[in-house]
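In what follows, a structure is listed as structure tokens, so that the remarks can point back to it.
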Amino acid sequence: MHCNADWLTSQRQRDILYPVQYLKIKPMTLDVHQSHPEVLKRLKRAEGQLRSVAEMIEAGRSCLDVAQQLHAAERAVREAKKTFINDHLDHCLDHVVDSKSPQARASVDEFKTIAKYL
């Protein structure tokens, strides 16, 4: 496909092509929770398991052995994700509705309950 460089010269066209670069995004702040060390531990475990899986495949190990290790790595990532999201719901979302109506509190509590089934 031929690219016409003149077409990309206007600011508006760049905004259309790359809108994320031009958004005013609040700078990130350090947001460390009590569960983060546990999440990191699970992710590092999964990282090691994935490295092991790659080595097993390169070494020609049995499909059953590889599948078991893949399952273990997947489970570690899934548990890390679940811990991370539940921690976010418990700590980051709670302060938003603390001063809101009882209906808002009930909605958030119900959302937190149903999210555990994800």
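The values are calculated or read from the model by the stated rules, or taken from the named source; none is laboratory data. Note that the structure is a prediction, hence the values are computed from the model and not measured. When we count neighbours, we look across all protein chains shown, and the Cβ atoms used for this are built from the backbone with ideal geometry, even at glycine.
I'd like to know if region 45-60 contains one or more residues that are outside any helix (DSSP H, G or I) and either under 29 Å from Leu118 (Cα atoms) or at pLDDT 90 or above (or both).
yes
Among the residues of region 84-101, are any surrounded by 12 or more Cβ atoms within 10 Å (Cβ to Cβ), over 17 Å from the mean Cα position of the chain (by Cα) and of a type outside the set (Lys, Arg)?
Looking through region 84-101, at least one residue is surrounded by 12 or more Cβ atoms within 10 Å (Cβ to Cβ), over 17 Å from the mean Cα position of the chain (by Cα) and of a type outside the set (Lys, Arg).
Collect the residues in region 61-110 that are modelled with pLDDT under 90 and of a type in the set (A, V, I, L, M, F, W, C), keeping them in residue-number order.
Those that are modelled with pLDDT under 90 and of a type in the set (A, V, I, L, M, F, W, C): Phe84, Ile85, Leu89, Cys92, Leu93, Val96, Val97, Ala104, Ala106, Val108.
Only one of these is within 23 Å of His88 (Cα to Cα) and either loosely packed, with under 10 Cβ neighbours inside 10 Å or modelled with pLDDT under 95 (or both): Leu30, Leu23. Name it.
None of the other options fit; the residue is Leu30.
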